[in-house]
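Below you'll find the structure I mean.
The values are calculated or read from the model by the stated rules, or taken from the named source; none is laboratory data. All figures in this text were calculated on a predicted structure; none of them were measured in a lab. Methodologically, a virtual Cβ is constructed for each residue, glycine included, from the backbone with ideal geometry; neighbour enumeration extends over all protein chains shown.
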Amino acid sequence: MLTKIREKAQGAFAWGILIIICVPFALWGIQNYLDTGEEAPVASVGDKDFFQRDVNKAYEQYSQNLQGLTINEQTLKAQALEKLIKDEVLLQYVHDKGLVTTDDTAREFIQTLPYFQVDGKFDEKRYKTMLGLQKMSSAEFVNRIKNALIMEQFQRSIIDSSFATKYDVESFFKIQNQQRDVDYVTVTVQKLTEQPSEQEIEAYYQQHQDLYQIPEQVSVEYIELSLEDIAKTIAVTDDKLKAFYEEQKDQYTTAERRKISHILFAINDKVDEKAALEKALKAQKELANKDFAALAAEVSDDKLTAKTGGDLGLFNVGVMEKSFEDAASALKLGEVSSPVKSAFGYHLIKVTELVPGEVKPFDSVKNEVTKAYQKVQAENAFYEAGETLTEMSYENPDNLKTVADALGITIKKSALFTKDKGDGIAADEKIRNAAFTEEVLQGNNSTPIELGTDRLVVLRLLEHKAAAARELKDVKSDIVAVLLADKAKQQAVEKAGQIKTRLQAGESIQAVAAENKLQVKTVAGLTRSKEDVPLPLSQAIFKAAKPVGDKPTVFIAELPAGEQVVVSLSKVKAGVMTEDDKKQMELATKNIAKAFGQTEFNALINSLQEDADISVKAP
């Protein structure tokens, strides 16, 4: 286990693995607690059936978390189904064990979900609307959330109860701080000029046509429900706008800017209240002939602000005592207060900058008020239209016209686009992912696609062009480049292999390198945190077996550009805990324990899955 942790621990001090090991139960996104279906199940766990729509929704959530990575869709869907099965196995197990949680706990959790929030706060109307779209009662949804929380509770009971001993932590650092001595030579990939034959080019083309294809393309027709568009249809009158303006006046008000300075005469063990007041009154008289900032520098007991003429910066209500704030708020620009008592002593206060607050007149912000009013009024209509859009597009899966006519929305069309790239509406990855789902490619409407919180899109296939092979004449230059690169790399691999064989036979790396006109690099005391060698090479060095006796371990590591590095590992020295390591013992113990706990939990789930009644329909 410690070795596995070590292998994943790379970087300046490998504290990433110790700090970020945190394994809360991974909810699949709210979509996976919604919707059911009547189609044939694709998998079953006991009495629980999973349908293709369950897999699709889990896949959508999975793919969003892996944006930017190129992973086969079928592979991701298989992983999504596997996760659904594991979660169900766990759910049935915790129910058998009698674990429970309360409705109140579930409701509190639901209120924290961004899915049901507007402007960062739980919105009851949005919550009910979203459940209504899925034809689900609040009680049913709460029950599903309770299931998720129970599973999390069980997972934490294992992970949080796990522990790591002092020996475990010391062993980790012995591995993490290990030092290795290596000598190595790098065989570079030489640039070749000898061109491949026509037969080689043709053979490569025939064997790798999948690499030289025009990608699969689709175009779609779609309808888009937009809060902004609905807002534009909301009728307004000056009376309604003025009433809204008065309700939202704070939004159109610039707060007063008031900057203050003070001179403090402290009350303490040496200076009583009477003496402090006398000093304040004396200073107030001196201000008739002396600059406030200069006097503050001389006599203020607040030595920190005295250096800057008593400057306290911008005045904020709620920071100081009420007596101080009342006095500071009543002063005019440049005016100095009489002595004001606080818990610290007596203050002379001066306003050094004053910009009055301002309320923007209605006429100057009428356009802004209009847009804000229309948006607020349009939100209800948007959610209602969203419900209609969802229901009608599902009930009429073979066309968009029915729902478009019902909502008064224009059906739009896109140009052809691929799964990786598109213009217009297809520039959004969510649109591209939906367009290439089996559901849409088979001719059905897509499920509603949320683009932010204020746009909802349903699309259907307009045109589908399968991937097609490009002609050889169009890709010949690319193939030539690949063949030359492959041949050059193969020559480097063969040369590195020859060097490795000679070193394993006992020849000196210096002698072999000199014969091949290569430079030997020597690194003594290499650690995982050092950057003496490229990261891929460092990882290979620390994965290599320890030398046996006086015989070094010889191996080959490949660098990203194809270079072949022949390494002779001559010495491995066990690491020791540093003073910095010892200071972090508590954190290290806690997080290594979590890693152990996660391993235990995974092993339990795998064991439960082996014993469960699971059936998966062949694709």
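Restricting attention to the stretch 572-585, and to residues there that are over 20 Å from Val182 (Cα atoms) and not β-branched (Val, Ile, Thr), which single residue is surrounded by the fewest Cβ atoms within 10 Å (Cβ to Cβ)?
Step by step, filter the stretch 572-585, then rank; the result is Glu579.
Within the stretch 291-362, considering only strands (runs of 3 or more DSSP E) that don't extend past its boundaries, which have at least 1 residues that are surrounded by fewer than 17 Cβ atoms within 10 Å (Cβ to Cβ)?
In the stretch 291-362, the matching strands (runs of 3 or more DSSP E) lie at 311-314, 345-355.
A further question follows. Among all residue pairs at least 6 apart or on different chains, which show Cβ distances below 6 Å where the first residue, located in the stretch 74-90, is assigned by TED's automatic domain parsing to the domain that holds Met151 and the second is assigned to a helix (DSSP H, G or I) and loosely packed, with under 15 Cβ neighbours inside 10 Å?
Val89/Leu608
From Ile605, Ile592, Ile541, grab the single residue that is touching an Asp or Glu at 6+ places or on another chain (Cβ under 7 Å) and either in a helix (DSSP H, G or I) or surrounded by fewer than 14 Cβ atoms within 10 Å (Cβ to Cβ) (or both).
Only one candidate passes the filter, namely Ile592.
Given the options Ser226, Ser161, name the one that is closer than 30 Å to Phe382 by Cα and in contact (Cβ under 8 Å) with a residue 40 or more places away in the chain.
Ser226
Criterion first (buried (at least 18 other Cβ atoms within 10 Å of the Cβ), on the phi < 0 side of the Ramachandran plot and out of contact with any Pro (no Cβ under 6 Å at 6 or more places or on another chain)) does Leu569 satisfy it?
In short, no.
Any residue at all in the stretch 561-573 that's within 30 Å of Glu200 (Cα to Cα), assigned to a loop (DSSP other than H, G, I, E, B) and without any contact (Cβ under 8 Å) to a residue 40 or more places away in the chain?
Checked against the condition, which is being within 30 Å of Glu200 (Cα to Cα), assigned to a loop (DSSP other than H, G, I, E, B) and without any contact (Cβ under 8 Å) to a residue 40 or more places away in the chain, the stretch 561-573 yields no hits at all.
Given the residues Val458, Val475, which is the only one that is closer than 30 Å to Glu198 by Cα and either in a loop (DSSP other than H, G, I, E, B) or of a type in the set (Val, Ile, Thr) (or both)?
Testing whether each residue is closer than 30 Å to Glu198 by Cα and either in a loop (DSSP other than H, G, I, E, B) or of a type in the set (Val, Ile, Thr) (or both) leaves just Val475.
Okay, next question. Need a quick list: helices (runs of 4 or more DSSP H) entirely within the stretch 47-135 having at least 2 residues that are surrounded by 12 or more Cβ atoms within 10 Å (Cβ to Cβ) and modelled with pLDDT under 85.
The helices (runs of 4 or more DSSP H) meeting that bar are 52-65, 73-96, 124-133.
Moving on to the next point. Can you tell me which residue in the stretch 456-497 is surrounded by the most Cβ atoms within 10 Å (Cβ to Cβ), limited to those that are closer than 30 Å to Glu224 by Cβ and among the hydrophobic types (A, V, I, L, M, F, W, C)?
Out of the qualifying residues, it is Leu459.
Oh, and also: Restricting to the stretch 496-524, name every residue that is of a type in the set (A, V, I, L, M, F, W, C), over 46 Å from the mean Cα position of the chain (by Cα) and under 20 Å from Glu558 (Cα atoms).
Leu503, Ile509, Val512, Ala513
Can you tell me which residue in the stretch 377-400 is surrounded by the most Cβ atoms within 10 Å (Cβ to Cβ), limited to those that are at pLDDT 85 or above and hydroxyl-bearing (Ser, Thr, Tyr)?
Ser393
Quick check, is Leu241 in contact (Cβ under 8 Å) with a residue 40 or more places away in the chain and in the same structural domain as Tyr346 (by TED's automatic domain parsing)?
In short, no.
So that you can scan it fast, the table gives a plain yes or no per residue for (1) under 30 Å from Leu456 (Cα atoms); (2) of a type in the set (Ser, Thr, Tyr):
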residue	(1), (2)
Thr305	no, yes
Phe324	no, no
Glu335	no, no
Val369	yes, no
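Quick check on Gln498: is it out of contact with any strand residue (DSSP E or B) (no Cβ under 8 Å at 6 or more places or on another chain), polar (S, T, N, Q) and assigned by TED's automatic domain parsing to the domain that holds Val565?
Yes: the conditions hold for Gln498.
Then there's this: Would you please name the residue that is surrounded by the fewest Cβ atoms within 10 Å (Cβ to Cβ), looking only at residues in the stretch 167-192 that are hydrophobic (A, V, I, L, M, F, W, C) and under 21 Å from Ile499 (Cβ atoms)?
Filtering first and then ranking leaves Leu192.
Just to check your reading of the model, which residue among Glu610, Glu586, Glu600 is among the acidic types (Asp, Glu), in contact (Cβ under 8 Å) with a residue 12 or more places away in the chain and either more than 30 Å from Ala488 (Cβ to Cβ) or in a helix (DSSP H, G or I) (or both)?
None of the others qualify; the one that does is Glu600.
Considering only residues of the stretch 544-555 that are farther than 14 Å from Asp183 by Cβ and either surrounded by 12 or more Cβ atoms within 10 Å (Cβ to Cβ) or small (Gly, Ala, Ser) (or both), which is nearest to the chain's Cα centre (by Cα)?
By that ranking, first place goes to Ala545.
How about the stretch 175-230: which of its residues are small (Gly, Ala, Ser) and under 30 Å from Leu400 (Cα atoms)?
Of everything in the stretch 175-230, those that are small (Gly, Ala, Ser) and under 30 Å from Leu400 (Cα atoms) turn out to be Ser219, Ser226.
Does the stretch 411-457 hold any residues that are polar (S, T, N, Q) and without any contact (Cβ under 8 Å) to a residue 12 or more places away in the chain, and which are they?
Gln442 - this is the single residue of the stretch 411-457 that is polar (S, T, N, Q) and without any contact (Cβ under 8 Å) to a residue 12 or more places away in the chain.
Scanning for something surrounded by fewer than 16 Cβ atoms within 10 Å (Cβ to Cβ), modelled with pLDDT under 90 and out of contact with any helix residue (DSSP H, G or I) (no Cβ under 9 Å at 6 or more places or on another chain), does the stretch 417-439 turn up at least one residue?
No.
Would you be able to tell me the number of residues in the stretch 227-255 that are among the acidic types (Asp, Glu) and under 35 Å from the mean Cα position of the chain (by Cα)?
Looking only at that region, the number is 3.
Mind telling me which of the residues Ala266, Ala276, Ala231 ends up being touching a helix residue (DSSP H, G or I) at 6+ places or on another chain (Cβ under 8 Å) and buried (at least 19 other Cβ atoms within 10 Å of the Cβ)?
Of the residues listed, the single one that is touching a helix residue (DSSP H, G or I) at 6+ places or on another chain (Cβ under 8 Å) and buried (at least 19 other Cβ atoms within 10 Å of the Cβ) is Ala231.
Being modelled with pLDDT of 90 or more and within 16 Å of Val336 (Cα to Cα) is the filter here; which residues of the stretch 264-288 pass it?
Within the stretch 264-288, Leu264, Phe265, Leu277, Lys279, Ala280, Leu281, Lys282, Ala283, Gln284, Lys285, Glu286, Leu287 meet the criteria.
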